[in-house]
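What follows is a single structure, written as structure tokens, with notes after it.
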Amino acid sequence: MKIFLVQLSANLMFFSAFLLSADSLDDIYKLGPDSLPQDGVPKGAVTGPLTHASQVFPDTTRHYWVYVPAQYDAASPARLMVFQDGHAFVSLDGAYRIPNVLDNLIYRREMPITICVFINPGRLPHQKESSSSDWGDRINTRPKEYNELNDHYAQMIVDELIPTLKNDFNISDDPNDRAIGGASSGAICAFTVAWHRTDAFRKVISTIGSFTNIRGGHVYPELIRNSEKKPIRVFIQEGMNDNRGKRRGGKYDPEWDWYLQNRKMVE
């Protein structure tokens, strides 16, 4: 999955700059050909939104979508990819358009046959589902699920969602055949899943990851250095124009500096 991680990550990198919308169209990153439909490339099937009711997070439900490549054969185990904030990654008119990317890379055999899950954060009955207009920080349980460093979310993905998927698909049990990714709080969430469950995931894609003190994530750089080495491979992307630690009133707080904290993750 090495080529997959590098090329898929390259397709994701434009997103952080996209968020920092510029004054002129010349400053807006353009989608590359891998993110667009190509003639002659078979399209995978996307099913959803489906609904997962979690026991780890009682009374919550969340939407998710499942991408199955055209080349999938149930006789052979497929690799697995899981994206947080699924609505943003599955959309074919959004900033990521991952189904197109998967179609193109799998067709060119630049990544293995991979089933991909796009899962939203949870919501309580009175709360709203995440959408392109609000990823959930103000309307559902995204902050709790994604930014806390405990293993609760990992339990939901590994012990609830994956068994459900395996009822319908032949998915590899090898953690080296599985990757998990996300952006911002979804990125630290993805890393936390792999950190706690190397038995299930050993590859992570992080774009503009919130390794900051939203709910204690700023401790990760020191925690990593002081812990026994884990078999996790991580692609980390960040930009200098991300939030640089200015709190209300203009006071600088290094624990809220996205660029600094991401740099510390790899130093």
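The values are calculated or read from the model by the stated rules, or taken from the named source; none is laboratory data. Note that the structure is a prediction, hence the values are computed from the model and not measured. Positions of Cβ are backbone-derived with ideal geometry, glycine not excepted, and every protein chain shown enters the neighbour counts.
What the table below lists for this structure:
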item	result
Test: residue in segment 246-258 that is hydroxyl-bearing (Ser, Thr, Tyr) and modelled with pLDDT of 95 or more	no
Any chance Asn120 is of a type in the set (S, T, N, Q) and either free of Cβ contacts under 8 Å to residues at least 12 places away in the same chain or within 17 Å of Gly216 (Cα to Cα) (or both)	no
Selection from segment 136-146 of residues that are surrounded by 22 or more Cβ atoms within 10 Å (Cβ to Cβ), modelled with pLDDT of 95 or more and not in a helix (DSSP H, G or I)	Asn140
Residue among Pro163, Pro125 that alone is more than 15 Å from the chain's Cα centre (by Cα), modelled with pLDDT of 95 or more and in a loop (DSSP other than H, G, I, E, B)	Pro125
Residue within segment 181-195 that is aliphatic (A, V, I, L, M), under 24 Å from Trp256 (Cα atoms) and in contact with a Pro (Cβ under 9 Å, 6 or more places away or on another chain) present	yes
Candidates Pro58, Pro77, filtered to the one that is closer than 28 Å to Asp134 by Cα and not hydrophobic (A, V, I, L, M, F, W, C)	Pro58
Filter result for Asn150 (surrounded by fewer than 16 Cβ atoms within 10 Å (Cβ to Cβ), over 30 Å from Pro33 (Cβ atoms) and at pLDDT 95 or above)	yes
Qualifying residue in segment 198-210 (condition: among the hydroxyl-bearing types (Ser, Thr, Tyr), exposed (fewer than 15 other Cβ atoms within 10 Å of the Cβ) and outside any loop (DSSP other than H, G, I, E, B))	no
Subset of segment 70-85 (residues that are assigned to a loop (DSSP other than H, G, I, E, B) and either touching a strand residue (DSSP E or B) at 6+ places or on another chain (Cβ under 7 Å) or at pLDDT below 95 (or both))	Tyr72, Pro77, Asp85
Subset of segment 211-230 [free of Cβ contacts under 8 Å to residues at least 40 places away in the same chain and either part of a strand (DSSP E or B) or under 20 Å from Ala154 (Cβ atoms) (or both)]	Leu223, Ser227, Glu228, Lys229, Lys230
Tabulated pairs, segment 37-54, first without any contact (Cβ under 8 Å) to a residue 24 or more places away in the chain and small (Gly, Ala, Ser), second surrounded by 14 or more Cβ atoms within 10 Å (Cβ to Cβ) and assigned to a loop (DSSP other than H, G, I, E, B), C-beta under 8 angstrom, 6+ apart or interchain	Ala53/Thr60
Residue match in segment 45-58 (condition: surrounded by 18 or more Cβ atoms within 10 Å (Cβ to Cβ) and of a type in the set (Val, Ile, Thr))	no
Qualifying positions in segment 166-184 - surrounded by fewer than 15 Cβ atoms within 10 Å (Cβ to Cβ) and in a helix (DSSP H, G or I)	Lys166, Asn176
Segment 242-267, subset over 21 Å from the mean Cα position of the chain (by Cα) and in a loop (DSSP other than H, G, I, E, B), residue surrounded by the fewest Cβ atoms within 10 Å (Cβ to Cβ)	Glu267
Residues of segment 84-113 satisfying the condition of being under 20 Å from His52 (Cβ atoms) and either crowded, with 21+ Cβ neighbours inside 10 Å or charged (D, E, K, R) (or both)	Gln84, Asp85, Gly86, His87, Ala88, Phe89, Val90, Ile98, Pro99
